[in-house]
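K.L.:
Here it is: the structure, laid out below.
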Amino acid sequence: MRGASCCTKAACICMIERDMSDHRHSRPSTPHLPRGALLQVESPIVPKDSISGRALVAVVAIMTFLASLTTGAVMLVRATASDWQSDVAREITVQLRTAPGRDAEAEVRRAADLVRAFPGISDVRVYSREESARLLEPWLGRGLVIDELPVPRLIVVKLDPGSGADLAALRKRLADNVRGATLDDHRSWVDRMRAMANSAVIAGILILGLMFAATVLSVTFATRGAMAANRTIVEVLHLIGARDRFIVGQFQRHFLLLGLKGGLIGGGAAILLFLILGSGATLFAGTAWADQFDALFGSFSIGWNGYIAILLQIALIAVIAALTSRRTVFQTLDGF
Amino acid sequence: MVRFENVGLRYGLGPEVLRDLTFRINPRSFQFLTGPSGAGKTSLLKLLYMSIRPTRGLITLFNYDIASLDSDDLAALRRRIGIVFQDFRLLDHMTTYENVALPFRVMGRDEASYRHEVIELLQWVGLGERMWALPPVLSGGEKQRAAIARAVIARPELLLADEPTGNVDPSLGQRLLRLFVELNKTGTAVVIATHDIALMDQFDARRLVLHEGRLHLYD
């Protein structure tokens, strides 16, 4: 039948042309086309630029930006807490309780020598009486006569990282050889610091989880909204004989690109922000507020891991948009 | 070509809108599907182009029981059917040329292979000057002709048209009817859903009359 229709179509066309000719004011004998019209690229089956598409890009960009900031903040807190923890753990303090009738200076020197000779110690610093007094200034004021108070003398000891100094042996040796000497390895501080750091990281991960769930839901609903505007296209393609995978492929590709565009805008803005803050901290290094900032947040750099995490987030959000469109197209097709 | 046996259709838990439909559509035949508004003409057309499935009964299209086909097979069958929708359903972001070429595009054909055919058909229906226009700037009649061109471009074996002359003046309506008749002569079976009695009187053809969900045949 198809063959027959091909053979007779020419005659048919002539008849219909005659029939239609009085309807048209004039009909060119050859196609009247704008110059180069046939060379133009075919329009995509799913419209590239639409209000719903632009709204989806905006939603994806905003949510990716917020999720990236949360990711960066969590990584920053984790890195900073870890730095604090290792700083504190690398230092121990020897305290010497002074007592009347004892040569405190001689005992301090003996304790310092003993510690210095112990393996795994990188630095020993004896706090002088004046320095000890200065430590108490914030509470007791200037002009403190330290001799009138039972203030212990301090020796700050830096441990050699990685040497694994035997602190129990050092504590015992100090107790055996220097009267009133005790060793504080800051364990209670380290434990508290570890607990605080872990809490901060867990809270950050929870916030990140919520943020990510919000991002996924927002992107899903925005994608569905954009898909609803394209329902007619799905219907028409379906009814003119397009296979399901052809229709799904068109939408999936379109929404993957929209998701990537939004993700790159939002994630790119977040990366830029972290770079600016990082270089800002470097530029203002040495100023009072920069020092405080540095003490709190270290270098304020999320590092390569942070940037890689943000890039992965961008890719993941784009994939979510594509998969949501895929699912929505299948649901729409199931409804026919 | 098409066979309905005791087909019934209801939407959800509502009453049956189509009842006990039994009829055939033969190759190269021409028929009007008519009946008062709300009689179920569009529902019957939807069953014919497999947009909905019957609640009961058997439908075979091109000797295939449509209930046993998967989505790929159904898509292949739909390519043998041309549909003219009452509301045209042209894609507004595509030119008239691209809309008419859409059936070839979903088949995966290269643009160069069908370009001449599409331009020829567009001229045939009087849209040669409007092929690069977008549907929103076309008149009702132009949209109607673009929709018809899209339906017939792939030379379907069965053409289904839902009120194809509903948006055009009587003169153009006559010409479009003539177009369907000529298409039928080239071997395409045609079903035109209409309640335009004047249009049906212009061409002596089989009439399928729907009334209160039942079909009456007037050969």
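K.L.:
Can you list which of the DSSP-assigned H helices in chain B have a Cα extent of 27 Å or more along the long axis and an average Kyte-Doolittle score of at least 1.6? Let's see the in-between values first.
P.N.:
Numbers: long enough: none.
Correct list, ordered by number: empty.
K.L.:
Does the protein assembly as shown come out rounded, prolate or oblate, given a ≥ b ≥ c as the square roots of the eigenvalues of its C-alpha gyration tensor, rounded meaning a/c under 1.5 and, failing that, prolate meaning a/b above b/c?
P.N.:
prolate
K.L.:
If you place +1 on the Cβ of every Lys and Arg, -1 on the Cβ of every Asp and Glu, and leave all else neutral, what size is the dipole of the protein assembly as shown about its Cα centre, to the nearest 20 Debye? Each step should come with its number before you reach the end.
P.N.:
Working: 63 positive and 55 negative charges, 204 e Å.
That gives the protein assembly as shown a dipole magnitude of about 980 debye.
K.L.:
At a Cα cut-off below 28 Å, give the lysines reachable from A:K172, other chains included and same-chain residues fewer than 8 away excluded.
P.N.:
Within the straight-line limit of under 28 Å, A:K172 reaches these lysines: A:K158.
K.L.:
Determine the shape class of chain B: with a ≥ b ≥ c the square roots of the Cα gyration tensor eigenvalues, call it rounded for a/c under 1.5, and otherwise prolate if a/b is greater than b/c, oblate otherwise.
P.N.:
Numbers: a/c = 1.82, a/b = 1.40, b/c = 1.31.
Prolate is the answer for chain B, as a/c is 1.5 or above and a/b outweighs b/c.
K.L.:
Then there is this: Quick one: order B:Y97, B:Y64, A:Y127 by neighbouring beta-carbon count within 10 Å, fewest to most.
P.N.:
Details: B:Y97 26, B:Y64 14, A:Y127 17.
Sorted ascending by nearby Cβ count, the order is B:Y64, A:Y127, B:Y97.
K.L.:
Would you tally the net charge around A:K261, using a Cβ to Cβ cut-off of less than 15 Å, leaving A:K261 out, and scoring K and R as +1, D and E as -1?
P.N.:
Values: positive: A:K48, A:R54, A:R253; negative: A:D49.
Its environment carries a net charge of +2.
K.L.:
Now for a different question. Express the relative contact order of the stretch A:122-228 as a whole percentage, based on alpha carbon pairs under 8 Å and six or more residues apart in sequence. Could you put the intermediate results ahead of the total?
P.N.:
Working: 40 pairs, mean separation 22.9, N = 107.
It rounds to 21 percent for the stretch A:122-228.
K.L.:
What is the calculated FRET efficiency for A:D83 to A:K172, with r their C-beta to C-beta distance and R₀ = 30 Å, to the nearest 0.05? Spell out each step's value before the answer.
P.N.:
On the way: r = 31 Å, r/R0 = 1.03.
Step by step, r from the Cβ atoms, then E = 0.45.
K.L.:
So which of A:K48/B:K185; B:K46/B:K143; A:K261/B:K46 end up more than 29 Å apart, counting from Cα to Cα?
P.N.:
Values: A:K48/B:K185 41 Å; B:K46/B:K143 21 Å; A:K261/B:K46 39 Å.
Over 29 Å apart, Cα to Cα: A:K48/B:K185; A:K261/B:K46.
K.L.:
Each label point is 7 Å from the Cα along the Cα-to-Cβ direction; what then is the distance between the points at A:L206 and A:Q95, in nm?
P.N.:
3.5
K.L.:
Show that you can apply the helix-only estimate: for chain B, add -39,500 (n - 2.57) for every DSSP H stretch of four or more residues, divide by all residues, and state [θ] at 222 nm to the nearest 500.
P.N.:
Working: 7 runs with 75 residues, N = 219.
Result for chain B: -10500 deg cm²/dmol, rounded to the nearest 500.
Every number in this text was worked out from the coordinates using simple rules, so none of it is lab data. Note that this is a predicted model, so its numbers are computed, not measured. Methodologically, a virtual Cβ is constructed for each residue, glycine included, from the backbone with ideal geometry; neighbour enumeration extends over all protein chains shown.
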